[in-house]
Amino acid sequence: MTTLRIEGVAASYDGRPVLHGLDLQVPSGSTTAILGPSGCGKTTLLRVIAGFQPADEGTVTLGDTVVVGPGRWVAPERRGIGYVAQEGNLFPHLTVGQNVSYGLPRAARRAGERVSELLELVGLTPDLAARRPDQLSGGQQQRVALARALARKPTLVLLDEPFSSLDAGLRATTREAVSDALAHEDVTVVLVTHDQAEALSFADQVAIMHEGRFSQVGTPSQVYATPTDRHAAAFLGDAVFLRGRADGTSVVTALGTLPVHQPAPAGTVDVLLRPEQIQLRTMSPGTPCAEVVSTTYFGHDALVALRLQADRTVVTARVNGHEVPPAGSIVGLSVVGQARAFAG
C-alpha cells in the first residue's frame with residue numbers, strides 16, 4: 001500500500017494558473033474524493049499526479065518515492081498508477097480480454113493471466129472476455145476499464161469522473177462494484193467528481209476544491225455537517241441560510257433561538273441549516289410558522305419551500321415522501337441539531 005502526499009503543488013494550463021499551492025495527504029489504502037465544479041482544477045491535479053502534466057511548483061510523493069519535485073520527474077509508466085478516465089477509453093479494435101491484459105508482459109498476455117480473475121473482481125463474467133467494447137453497456141465498459149487499470153497491480157488508482165456518463169441506476173450499481181473491487185485490491189484511490197452524493201458515499205476523505213484551492217478537507221461527515229465557509233456549505237448538499245444575531249453559543253433567527261456548533265462572533269451572522277434539520281409540526285403558541293409555497297417530490301422524500309411568517313424569508317425543508325403538505329397550507333416548524341454561523 002502507498003500513501004500519496006501532495007505538497008505546495010501549483011500548475012498552469014496555457015499560461016493560466018490553475019492550481020495554487022495545494023497540500024493533501026491520502027492515507028495508504030484509503031479513498032479520497034476531490035470534489036468541485038467544472039473548471040476548478042480537479043482534472044489538472046489528477047494529471048499532475050499521473051504524470052501527464054508538469055507541475056510549476058511543489059512535490060508529489062508516492063510512498064517513499066518523489067515523482068514530482070524540483071529537478072525530479074518520474075515518467076507516467078514508472079509511477080505504478082492505474083488511471084480510469086471518464087469514458088473508459090477502451091481500445092475498440094481489441095476484445096475485452098485483450099483490453100484488460102494490455103500493458104502486461106507479453107508472456108502474461110499470451111497466457112491470459114489475471115483476465116478472468118479481474119473480470120470477476122469487477123462483477124463481470126469471464127465469458128465477456130471475447131466480446132468487443134461496443135458490445136457492452138456503459139457500466140460494463142467502465143468496469144472493464146477498472147479491470148485494465150488493476151491488471152498491473154498499481155499502488156494508486158486515479159478515477160476521473162468515471163460514472164458521470166451513466167444513468168442514475170447504472171451509476172449506483174457500477175459505483176458499488178468498483179468500490180468493492182478497489183477495497184479487495186487494497187489500493188490507494190483518488191476520485192475526481194462534481195457529484196456531491198458520490199463523493200460522500202464513495203470516499204473516506206473529501207477535499208472540496210474551489211478555483212484551484214482546497215476550501216476544506218475532512219471526512220464526509222465533517223465537510224457536510226461542519227463546513228468551514230459558505231462556499232463549502234453551499235456546494236456540498238442543499239443549504240438553508242438565514243440572517244441571525246449571535247451571542248456566543250446561540251443565535252436568534254426567524255426560526256427561534258438556535259444552538260450553534262461552535263462559539264460564534266457576537267453580532268449579525270449568516271446561519272446555515274440543512275433542509276433535513278427543519279421539521280414540520282403541528283402549530284402551537286410560540287412555534288415559528290410558515291406558508292407552504294411549493295413542493296418538489298422525489299418519491300422517498302420531498303423538498304418543501306416555506307415562507308416564514310416572521311420575516312418572509314423562504315427556506316427549504318426535507319420531509320418524508322408520505323408527509324408532503326399542500327401548497328398554501330400553514331405549518332409549524334422546529335429545528336433539530338445545531339446551526340452553523342458565519343460572520344455576516
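Which of 177, 130, 246 moves most in a GNM of the chain, Cα contacts under 10 Å?
130
Sticking with the crude label model, points 7 Å out along Cα→Cβ, report the distance from residue 334 to residue 170 in nm, one decimal please.
Those two pseudo-labels are separated by 4.6 nm.
Amide H to amide H, which residues 5 or more places from residue 301 or on other chains are under 5 Å from it, using H placed in the peptide plane?
Correct list: 321.
Assuming 0.890 mPa s and 25 °C, estimate D for the chain with Stokes-Einstein, Rh taken as the Kirkwood radius over Cα pairs, in µm²/s.
109
What is the spread of the Cα atoms of the range 238-343 along each of their three principal axes, largest first, in whole Å?
Largest first, the range 238-343 extends 39, 28, 18 Å along its Cα principal axes.
Considering only DSSP states other than H, G, I, E and B, which GluC sites (Glu not before Pro) in the range 272-344 qualify as loop sites with at most 15 other Cβ atoms within 10 Å?
Filter output for the range 272-344: 323.
Counting pairs of alpha carbon atoms under 8 Å apart in space and at least six apart in sequence, what relative contact order in percent does the chain give?
That works out to 15 percent.
Within the chain, which is the longest segment containing none of the chymotrypsin sites (Phe, Trp or Tyr not before Pro) that sit in a DSSP loop and have at most 15 other Cβ atoms within 10 Å?
In short, 103-297.
Could you work out the relative contact order of the range 258-344? I mean the mean sequence separation of Cα pairs under 8 Å and 6+ apart, divided by the number of residues, in percent.
This gives 45 percent for the range 258-344.
By the scheme Lys and Arg +1, Asp and Glu -1, what is the net charge of all other residues having a beta-carbon under 12 Å from that of residue 194?
Net local charge, residue 194 excluded: -3.
May I ask which residue of 65, 76, 51 lies farthest towards the positive end of the charge dipole of the range 48-87, with charges of +1 (Lys, Arg) and -1 (Asp, Glu) on Cβ and the Cα centre as origin?
Of the options given, the answer is 65.
Grab the Cα-Cα distance for residue 137 and residue 59, subtract it from 0.36 nm times how many residues apart they are, and report the gain in nm with one decimal.
24.2 nm is the gain from fully extending residue 137 to residue 59.
Using alpha carbons only, how many angstrom separate the centre of the range 236-253 from the centre of the range 31-55?
If we compute the Cα centre of each part, the gap is 33 Å.
Which value in deg cm²/dmol, rounded to the nearest 500, describes the helix-derived mean residue ellipticity at 222 nm for the chain, given -39,500 (n - 2.57) per DSSP H run of n ≥ 4 and division by the residue count?
Computed ellipticity for the chain at 222 nm equals -6500 deg cm²/dmol.
With a sphere of radius 11 Å drawn around the Cβ of residue 318, what net charge do the other residues whose Cβ falls strictly inside it have (Lys, Arg +1; Asp, Glu -1)?
-3
Values quoted throughout were computed directly from the atomic coordinates according to the rules given, and no laboratory measurement underlies them. As the structure is a computational prediction, the values presented were derived from the model and not from experiment. No Cβ is skipped: glycine too gets one built from the backbone with ideal geometry, and neighbour counts run over all protein chains shown.
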